[in-house]
Amino acid sequence: MKLCIIGTGYVGLTTGACFAEVGHDVTCVDNDEAKVALLQAGGMPIYEPGLEELVHKNVAAGRLRFTTSIAEGVERSLVVFIAVPTPPLPDGSVDLSYIEKVAREIAGCMTSYKVVVDKSTVPVRTGEKVAETIRRYCRARVDFDVVSNPEFLREGYAVEDLMHPDRIVIGVQSPRPVPVMREIYEPFRAPIIVTDLNSAELIKHASNSFLALKISYINAISILCEATGANVQEVALGMGMDHRIGREFLQAGIGFGGSCFPKDLSAFIKIAEQLGYDFRLLKEVQRINAEQMDRFVKKITDTLWVLKDKTIGVLGLAFKQNTDDVRMSPAIELCRRLLKEGARLRVHDPKAMPKARAVLPEATYIEDMNDVAEGCDALVIATEWEIFKKLDLERARRVMTHPIMFDGRNLFDPREMERLGWIYKSVGR
Ligand SMILES: NC(=O)C1=CN([C@@H]2O[C@H](COP(=O)(O)OP(=O)(O)OC[C@H]3O[C@@H](n4cnc5c(N)ncnc54)[C@H](O)[C@@H]3O)[C@@H](O)[C@H]2O)C=CC1
Ligand SMILES: O=C(O)[C@H]1O[C@H](OP(=O)(O)OP(=O)(O)OC[C@H]2O[C@@H](n3ccc(=O)[nH]c3=O)[C@H](O)[C@@H]2O)[C@H](O)[C@@H](O)[C@@H]1O
């Protein structure tokens, strides 16, 4: 099937590569000329495990190409996916100007029937507006269908999630585009849910909000664990083994971040408000998340007392492991809070240092994670990278003024850390 994807970012690029991998003919479009030039030259604008190989393989096979021209992509394809940003506005609602602009541009160059699929995360009723816009701006007066096909991939596992999805959601206004959508997804062998446009859009916001709720729930439980000497990881395990609850998304920590959960929560609360419902449950999820960071910073200041002129080593800058993405990263937020208190920072991340430098220029960047502790008054774990479990703890202990670790991701065993001579503080244990 000939497919076009508009917006070659985390979602567009990984989706495009996976569609090509299963045999579709894919044209990825982006209006960022530098990004397209980089991709055409064989470079990669993002780090995502397995993606580079997939892109190179499918470009070489002639199934994947990059362009800055929407007209070229639309002309060549039957199905046009929209995967452009939907960032938050200051009041929490969604900036839909990228979607609207792309919808107009697609309409302007359509000369035959197209299926226009929204993959960006959008408020309920956006698909209806996209359809109206295309109708208004399509000079050629050709037929089209608008489909909502939300994306559920996680950064850091994007290729795996796309190749083996739990489900595919297809929201339609009529049955006409359903066979085409089924054909696109048939190679992925996943359950397909066909529903109406509004339900599909709600499924996406409701899913992300529920996952955020799960994290805030376990973070709230971590407070009770700390107050009673219980262990939040064991509580989470005991809860999660009930298959109705499930074990995932029960990792207590410094709170969730990233380019999606915070913005999607705000958006969902705003949409609910516009529809006449005060979604207080989700406001509480936001409040618990903000307080979790406050509590962690307080843990550091309670122990170190004055942070001014102290040196703190921070391991982790990405918003989670396996990615170089620092958008709305709790680790970056934590660094900013420590800098504000007057601390000096020695920081390291396996992949996110180039992107972090742009938003956190005040820190000293250390190439080797084992060199971070040198001269530090404390070490902080801010991102759940598996590799940090291999930190040379004995060497770190020797080169620090005092071996204190604040583990915001519960990577180490508290008893073992104490045995090794550390003052060790984690979350909910
Ligand atoms: N990042 C993620 O893990 C996930 C993101 N989403 C949603 O997918 C959407 C896209 O997110 P990301 O891929 O993270 O964003 P991104 O910022 O990484 O990529 C978006 C791309 O669209 C391009 N673009 C903007 N306007 C354009 C235009 N007029 N014409 C052509 N290209 C244009 C940008 O240059 C950029 O390369 C958002 O709605 C997001 O909420 C959904 C699931 C997962
Ligand atoms: O809509 C989106 O963009 C995506 O948002 C999330 O994916 P992502 O933001 O890539 O990352 P997650 O793995 O969900 O982690 C988000 C944040 O929650 C934190 N987290 C996650 C899980 C957990 O148990 N505890 C916890 O604190 C992570 O550290 C991270 O800061 C969802 O998991 C995806 O299904 C969705 O497609």
Which ordering of L334, L317 is given by a fewest-first count of other beta-carbon atoms within 10 Å?
L334, L317
Taking a straight Cα-to-Cα line shorter than 17 Å from K214, and setting aside same-chain aspartates and glutamates fewer than 8 residues away, one finds E234, D242, E248, D264, E284, E291
Tensor-based shape of region 2-190 (alpha-carbon gyration tensor, a/c under 1.5 rounded, otherwise prolate or oblate)
rounded
Helix-derived mean residue ellipticity, 222 nm - over the chain, DSSP H n ≥ 4, -39500 (n - 2.57), to 500
-13500 deg cm²/dmol
With the chain reduced to its Cα atoms and the Debye formula applied, log10 I(q)/I(0) at q = 0.07 1/Å amounts to -0.38
Largest first, please: the extent of the C-alpha atoms of region 286-425 along each principal axis, to the nearest Å.
37, 29, 27
Where is the GNM fluctuation largest for the chain (alpha-carbon springs, 10 angstrom cutoff): G253, G171, G342?
G342
Quick check: from the Cα gyration tensor, does region 1-80 come out rounded (a/c under 1.5), prolate or oblate?
oblate
Just need the relative contact order of the chain here, percent rounded to a whole number, with Cα pairs under 8 Å and 6+ apart.
12 percent
Using Cα-only point scatterers and the Debye equation, what is log10 of I(q)/I(0) for region 123-181 at each q in 0.14, 0.15, 0.31 Å⁻¹, rounded to two decimals?
-0.54, -0.60, -1.24
For Y10, Y137, Y424, ascending order of other Cβ atoms within 10 Å (fewest first) is Y137, Y424, Y10
Which one of V55, V380, V359 has the biggest mean-square fluctuation once the chain is modelled by GNM with Cα springs under 10 Å?
V359
Grab the eigenvalues of the alpha-carbon gyration tensor for region 210-254, scale each by 5, take roots, and send me the semi-axes largest first in whole angstrom.
17, 13, 7
Gain in span if fully extended, V359 to E75, counting 0.36 nm per residue against the direct Cα distance:
98.3 nm
Among M1, M110, what is the fewest-to-most ranking by other Cβ atoms within 10 Å?
M1, M110
Mind telling me which of T364, T228, T86 comes out most flexible in a GNM of the chain, alpha-carbon contacts under 10 Å?
T228
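Laboratory data are not the source of any read-out in this text; all were calculated from the coordinates shown. Being a predicted model, the structure only gives us computed values, none of them experimental. No Cβ is skipped: glycine too gets one built from the backbone with ideal geometry, and neighbour counts run over all protein chains shown.
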